[in-house]
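**Q** Quick one: the structure is below, questions incoming.
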Amino acid sequence: MANGGSRTTEPLLSWVRLSMRTLGIALSSACIALCTRLAFASDAPATHAVGVRLDVSRQAGTEQCLATGELERAVEARLKRPVFVGDSSAQLVIVLKLALHNRKRWSAELRLEDDTGINLGERTLTTSAQHCSALDDSLALIVALLVDAPLSDRERARSLPLPAPKSEAKTHGSANVAPERVQATRVDLPESTLAPRQPWRWETSVGATLAMGLLPGAAFGFELGVSGKPPRAPELRLFGGAYAPREAHAGPGDAGGRFAALFLGLELCPLEGQVRSLRWSTCAGQSVAWLRATAFGYDQNSSTDRLVYSLLARGALLLHLAGPVSARLTARAELPLARPVFVYGSGGENAESTVFEVNPLIAALEAGLSIAL
């Protein structure tokens, strides 16, 4: 009986020891995991969401730049959380100044301040793109980075001593030590940066013209034009006008012909540039002129019409004057594909004589005004 009792107790004690050992291992593993997690958490930078107020000032010409509300929504979409508040409870303030310099260079100056007015950092974005929306993506990204900076960095900037006023500059030995100033980081965006909100550029023009070669002598007239330029494509221009009548004399007495013309053309302007307020462009295209000739002083007077098709090249200079108005000066050369000849006489004893023939090269100058629409 004693031996039998001993055999029953030993398996039970072994099971109890195994259970205690397993429980101890589990507790040790849980403790190690918890400590490791706490250690990693203590090493991670502490980020706290704070309220931010965005103060935007705009100089003349920046109305087309990103609106304040759109910029706030773009930043919050990147950070995936609410950021901006509109009252004085904001812990951070971003001061944004938008400017246009010489009608060509856009700038966005940003300054991050805490609620006590301490400057925590500055950034400056610039671009020479044709439209202010080239700043949109970069501006939203920089504001998001400023807002989402680790709190420790902002607290470190807050703990720095305030710069001394100029009148109380500290002295070190015999030299004056000027107070330190936060240096702004400058970011230059390429001129070719995509401007997603850039609209078509529409312009209309009116001018006086002087043409040589299409009519006898120097012909005065007028020209009207309208052009449209897509954001990333060449300008397309449609123009038309008329020349005052000119006379050519040939034959007996004061006989001759009276010539007048209407013209219409279409041109593409692939090359364009700008230096300060002066913009230049070069164009190529085609034109058609309706030429009407009326005889006078002959035994039999008649009228005839001819069409003159030409290939053309044009150079234009535009000088900005004020607002949407620019002065316009252009020179155009046309190469006629057919050259009508106007004669009198009927052959035989009355040999034909030339009254007028269109020149192999037509030149035209135009001076006027261009108005941006």
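The values are calculated or read from the model by the stated rules, or taken from the named source; none is laboratory data. In this text the structure is predicted, and so the values were computed from the model without any measurement. Every residue, glycine as well, gets a Cβ built from its backbone with ideal geometry; the counts of neighbours run over all protein chains shown. In case anyone asks, the SASA skips ligands and DNA or RNA and just uses the protein heavy atoms, side chains included. Shrake-Rupley method; radii C 1.70, N 1.55, O 1.52, S 1.80 Å.
**Q** Subtract the Cα-Cα distance of L319 and R276 from 0.36 nm times their separation in residues, and report this length gain in nm to one decimal.
**A** 14.6 nm
**Q** Follow-up. Considering only protein heavy atoms, with the full assembly of protein chains and a 1.4 angstrom probe, order I362, I371 by accessible area, largest first. Don't skip to the answer; put the middle values down first.
**A** Details: I362 5, I371 70 Å².
Putting I362, I371 in descending order of accessible area: I371, I362.
**Q** From the C-alpha gyration tensor of the stretch 194-273, pull out the three semi-axes of the equivalent ellipsoid (sqrt of 5λ each), sorted largest to smallest, in whole Å.
**A** Equivalent-ellipsoid dimensions as semi-axes: 40, 10, 8 Å.
**Q** With a Förster radius of 30 Å, plug the Cβ-Cβ distance of R292 and W200 into 1/(1 + (r/R0)^6) and report the FRET value to the nearest 0.05.
**A** 0.25
**Q** Can I ask one more? Once you list every other residue whose beta carbon is under 13 Å from the beta carbon of L194, what net charge do they have if Lys and Arg are +1 and Asp and Glu are -1?
**A** It works out to a net charge of -1.
**Q** Beta carbons within 10 angstrom, averaged per residue: use that to sort the peptides 217-223, 58-64, highest first.
**A** So the order, starting with the most tightly packed, is 217-223, 58-64.
**Q** Express in Å², to the nearest 10, the accessible area of D254 obtained by rolling a 1.4 Å probe over the protein heavy atoms while all chains stay in place.
**A** Number for this one is 110 Å².
**Q** Now, a different point. Where in the stretch 242-274 is the amide nitrogen less than 15 Å from a point lying 7 Å along the Cα-to-Cβ axis of F220?
**A** Backbone N within reach: 242-247.
**Q** OK, next. By the scheme Lys and Arg +1, Asp and Glu -1, what is the net charge of all other residues having a beta-carbon under 13 Å from that of A333?
**A** Net local charge, A333 excluded: -1.
**Q** What is the local net charge at G241, summed over the other residues whose Cβ is closer than 12 Å to its Cβ (Lys, Arg +1; Asp, Glu -1)?
**A** -1
**Q** Something else now. On a full-extension model of 0.36 nm per residue, what is the gain between N301 and E70, subtracting their alpha-carbon distance, rounded to one decimal in nm?
**A** So the extension gain works out to 76.0 nm.
**Q** Please compute, over every Cα-Cα pair in the stretch 231-300, the percentage with a separation greater than 15 angstrom.
**A** The share of Cα pairs beyond 15 Å in the stretch 231-300 comes to 68 percent.
**Q** Report the rotationally averaged projected area of the stretch 201-335 based on its alpha-carbon convex hull, in square nanometres.
**A** With the hull built on Cα positions only, its mean projection is 9.0 nm².
**Q** Next up: In the full protein assembly as shown, how much of L319 is accessible to a 1.4 Å probe, in Å² to the nearest 10?
**A** So the heavy atoms of L319 present about 80 Å² to solvent.
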